[in-house]
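In what follows, a structure is listed as structure tokens, so that the remarks can point back to it.
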């Protein structure tokens, strides 16, 4: 790679973009204007919100206890502890209690009509027996600290039997009505507190009895960390969304725009290699992505700082303190997060934009890219989630979690997960850059003509051009069909496993109906040879022996892996209960039936599908790594329980390696069957009921009513497995031929 | 200088499965020659020239430029060629000088030599008055001149012009042909594709008539006139195309034997 070329392309692209007024406006001017304008707007809106005085009509004001009124003679709310300051935001009108006999139902109707017509925001109905009910309530439940209950009557939903003589008629679909309800509730709570205190004094007791417990608080977190914690939830989201959008628009201009203007072909015929062109463009896009995100971040932060100052001067020092300026170290961590994320988003945007023939077409690709990446950016905003092994494995989210931990000062936790996050992030960056370079190397992408798509011609082409194995697209489609089918199957599975026949029907339906059938149908209709498409080839004897040994020797590692995963992510109570129920069901069945159904059938179906059809399609054009990675992901996702999925995904990598080296699926079936047989065998003989035969004590032990492998056997088994993997790397000429033909 | 042997390029096609854009095409061009690649739209001219400029990879066959195989030594080939196409454009937000300088640097010309070379090229192409004009403000003729300057700034031995006169007015097209003639005089090996007969008659030393990915005939203009007994080149061109269509429909006999039998 010639760095001089990359530097030249980078400088040219930067100069070109900086001369484009639209880019400059989007990247630099918009962030500077956006947040101050939003801030201004919000302050105006907040002002309107604060200033709005709700209109409340009290019907039956004379029924209110005379010794403790709610409002005074000028119909102003009487100020009480807990409801200070809200009186000026409440305009009361009063109305006497009607005299007719059917007064209440009529009253509700007229009140509803008044609210619907927006004459008032809420109507408070004070029934004649309100004062009596309050006294009864106190007498009956002197220990009660409940608030005065109100019936909210948006339409006809009136439940008078629950009321204490008060009813509220409001339209909760309207903001002003909601505001009226909230303020009135505060006023009534404060009034109730005063009323109970007064009653207690009358009964010769201390009013302090009903005062809430005062809890002295000592917060160990410094103010700066509290602020950082608050900002760390919001700022990464804003920053990364801008990093993505800041990358996308220059990427469209540098790829689709250049294609459209004809300058890309000029560059492609220059001495710059494709990867140098991609790196030059990538650096440009990343520069704009970082600049856009940083300018937005700084502008947002500066605007927030000014608003906080305003709040502080307007008498909200607590809010001002909580929202105060973000500590400088937090900004540093955010910038550190931004660098790899900008590289990742830039490479993704560049690869996606390269697909487009014009800038207009490029715009259409933004939404799918946002839809894929936004959930990853938003995931860390879920309050219950934090940095752990699972979240650190999620691209983008893991890095955000890590930075949040660093901002909040949890350095030990951050350092523990740093290697995983770095590994995932670097892998994502490298894969996305590789994808972008592949796009630029592909003639069909660079010189794509606008063919008119025709369903009949396409189907005809599928049939006419079907190969011996599936194409990479068909392989991925097969995997996606299975995942979608499994998703819908999950909803049926939960409640229907009640007995052994339902276990049988469910397993057969999932394995044959949902996993094997789509793959078989695609093999029949989209390939010329089912046997070749499913990679059913003659097995090299040495590979078969190695596979048998691998099946046995990988099981201790697989079991340890499963236990480790469950240690990090413990199974939920519901899943544990379901698994216990499932175990009870299978204990009662003959061993051969359980093995056939749960060990052999899944191994055969899953291997034919994943390491057979899908792997065979993905390995084309030298895509061995792609085939191993994608099949292991599909394989992992078909296991519905998260802990199983992670273990299956890792096991899938090993099975993919075996599938690649042996050139077929038979050895994978062998390893998978042995692994399943051993797992079910150990579960079938419960450790609390069976005595371990002395002949097996060198490899197994009973610990806390569970079978565990002996450490020495675990170590030896890893050694044997490594030797067997080395055996797999020696291919016979026949296997070599099959693999070479398949990779073409 | 340029040798093309049995060059074939095919693309996947939704309707037919495979579209053959170039079908076993062979020709060669020597230094100081202008080789005209003639054919209607869709004949395969652009595909052939894109392969020669290493933008596309051939499906089969061999193409060598300045002794370098386009498939195995694309980097060396790109240093040996200057490629001007109706599809290659110039950057709107760069001036003529900046653009030529950018490509000169990409070709690895040292700064002092580059400035000197650019002064010469700008003077030769009479571009000095537009050196600070941005691409967006240039006329079509100006843009084509910048494209040529960009293609010759590194003084390559081979120049490829793919329908370079497309869309140019008469004056600019004439100036372009003059520039190409001057480049031939400098000993450059030039491949010039067009579908305008007058340009071929005026400029080319040898031509190949390409139709549906195949070469129907090739040689110098007098040779072709003698072989097909037709002195009007435009008439000759249409005759060959018409006959090729008839033969394709009849699907009988080889094309060469039919032409040789006196059609």
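Observations on the model:
- Candidate set: region B:96-119, residues that are in a helix (DSSP H, G or I), without any contact (Cβ under 8 Å) to a residue 12 or more places away in the chain and within 14 Å of chain A (Cβ to nearest Cβ); chosen: the one surrounded by the fewest Cβ atoms within 10 Å (Cβ to Cβ): B:111
- Inspection of region B:11-20 identifies at least one residue that is away from every other protein chain (no Cβ under 13 Å) and assigned to a strand (DSSP E or B).
- Test: residue in region A:467-476 that is farther than 24 Å from residue A:373 by Cα, more than 14 Å from chain B (Cβ to nearest Cβ) and not in a loop (DSSP other than H, G, I, E, B): yes
- Within region B:68-89, the set of residues being more than 7 Å from chain A (Cβ to nearest Cβ) and in a loop (DSSP other than H, G, I, E, B) comprises B:70, B:71, B:72, B:73, B:86.
- Looking across region A:252-264 at every residue that is in contact (Cβ under 8 Å) with a residue 12 or more places away in the chain and within 16 Å of residue A:12 (Cβ to Cβ), the one that is farthest from the other protein chains (Cβ to nearest Cβ) is identified as A:255.
- Given (1) over 14 Å from residue B:160 (Cβ atoms); (2) surrounded by fewer than 23 Cβ atoms within 10 Å (Cβ to Cβ); (3) in contact with a strand residue (DSSP E or B) (Cβ under 6 Å, 6 or more places away or on another chain), index of the condition residue B:12 fails: (3)
- Unique match (being in a helix (DSSP H, G or I), within 14 Å of chain B (Cβ to nearest Cβ) and surrounded by 13 or more Cβ atoms within 10 Å (Cβ to Cβ)) among A:460, A:456: A:460
- Condition check for residue B:184: free of Cβ contacts under 8 Å to residues at least 40 places away in the same chain and either under 15 Å from residue B:29 (Cβ atoms) or outside any strand (DSSP E or B) (or both): no
- Every pair of residues 6+ apart whose Cβ atoms lie under 6 Å, when the first sits in region A:693-710 and is at pLDDT below 80 while the second is surrounded by 11 or more Cβ atoms within 10 Å (Cβ to Cβ): A:702/A:687; A:702/A:692; A:705/A:687; A:706/A:687
- Residue match in region B:52-67 (condition: part of a helix (DSSP H, G or I), more than 13 Å from chain A (Cβ to nearest Cβ) and out of contact with any strand residue (DSSP E or B) (no Cβ under 7 Å at 6 or more places or on another chain)): no
- Number of residues in region B:157-179 that are surrounded by fewer than 22 Cβ atoms within 10 Å (Cβ to Cβ) and touching a residue at least 60 places away in the same chain (Cβ under 8 Å): the value is 5.
- Failed item in (1) away from every other protein chain (no Cβ under 14 Å); (2) farther than 30 Å from residue A:81 by Cβ, with residue A:208 passing the rest: (2)
- Where helices (runs of 4 or more DSSP H) fall wholly inside region A:625-744, the ranges with 3 or more residues that are out of contact with any helix residue (DSSP H, G or I) (no Cβ under 8 Å at 6 or more places or on another chain) are A:711-728, A:733-743.
- Test: residue in region A:41-52 that is under 30 Å from residue A:247 (Cβ atoms) and out of contact with any strand residue (DSSP E or B) (no Cβ under 8 Å at 6 or more places or on another chain): yes
- Taking (1) surrounded by fewer than 17 Cβ atoms within 10 Å (Cβ to Cβ); (2) touching a residue at least 12 places away in the same chain (Cβ under 8 Å); (3) not in a helix (DSSP H, G or I) in turn, residue A:483 satisfies each apart from (3).
- When every residue of region B:130-144 is checked against the conditions, at least one turns out to be part of a helix (DSSP H, G or I), over 24 Å from the mean Cα position of the chain (by Cα) and either at the interface with another protein chain (Cβ under 9 Å from one of its Cβ atoms) or closer than 30 Å to residue B:45 by Cβ (or both).
- Conditions (1) within 14 Å of chain B (Cβ to nearest Cβ); (2) under 26 Å from the mean Cα position of the chain (by Cα); number of the one not met by residue A:487: (1)
- Taking the conditions (1) part of a loop (DSSP other than H, G, I, E, B); (2) touching a helix residue (DSSP H, G or I) at 6+ places or on another chain (Cβ under 7 Å); (3) free of Cβ contacts under 8 Å to residues at least 24 places away in the same chain in turn, residue A:498 satisfies each one other than (2).
- Residue ranges of helices (runs of 4 or more DSSP H) in region A:2-97 with at least 3 members within 14 Å of chain B (Cβ to nearest Cβ): A:3-18, A:21-24
- One residue alone among A:427, A:391 is more than 14 Å from every other protein chain (Cβ to nearest Cβ), assigned to a helix (DSSP H, G or I) and under 27 Å from residue A:609 (Cβ atoms), and that residue is A:427.
- Of all the numbered requirements in (1) surrounded by 21 or more Cβ atoms within 10 Å (Cβ to Cβ); (2) within 17 Å of residue B:33 (Cα to Cα); (3) free of Cβ contacts under 8 Å to residues at least 40 places away in the same chain, residue B:122 misses one, and that requirement is (2).
- For residue A:281, the stated conditions do not hold, so it cannot be described as in a helix (DSSP H, G or I) and either away from chain B (no Cβ under 14 Å) or surrounded by fewer than 22 Cβ atoms within 10 Å (Cβ to Cβ) (or both).
- Selection from region B:21-51 of residues that are in contact with a strand residue (DSSP E or B) (Cβ under 9 Å, 6 or more places away or on another chain) and in a loop (DSSP other than H, G, I, E, B): B:30, B:31, B:32, B:33, B:39, B:40, B:42, B:43, B:44
- Which numbered condition residue A:525 misses (of (1) touching a strand residue (DSSP E or B) at 6+ places or on another chain (Cβ under 6 Å); (2) loosely packed, with under 15 Cβ neighbours inside 10 Å): (1)
- Within region B:145-172, the set of residues being farther than 17 Å from residue B:192 by Cβ, in contact with a strand residue (DSSP E or B) (Cβ under 9 Å, 6 or more places away or on another chain) and part of a loop (DSSP other than H, G, I, E, B) comprises B:153, B:154, B:155.
The values are calculated or read from the model by the stated rules, or taken from the named source; none is laboratory data. It should be emphasised that the depicted structure is a prediction, and the values quoted were computed from it without experimental measurement. FYI the Cβ positions are ideal-geometry reconstructions off the backbone, even for glycines, and counts take in every protein chain you see.
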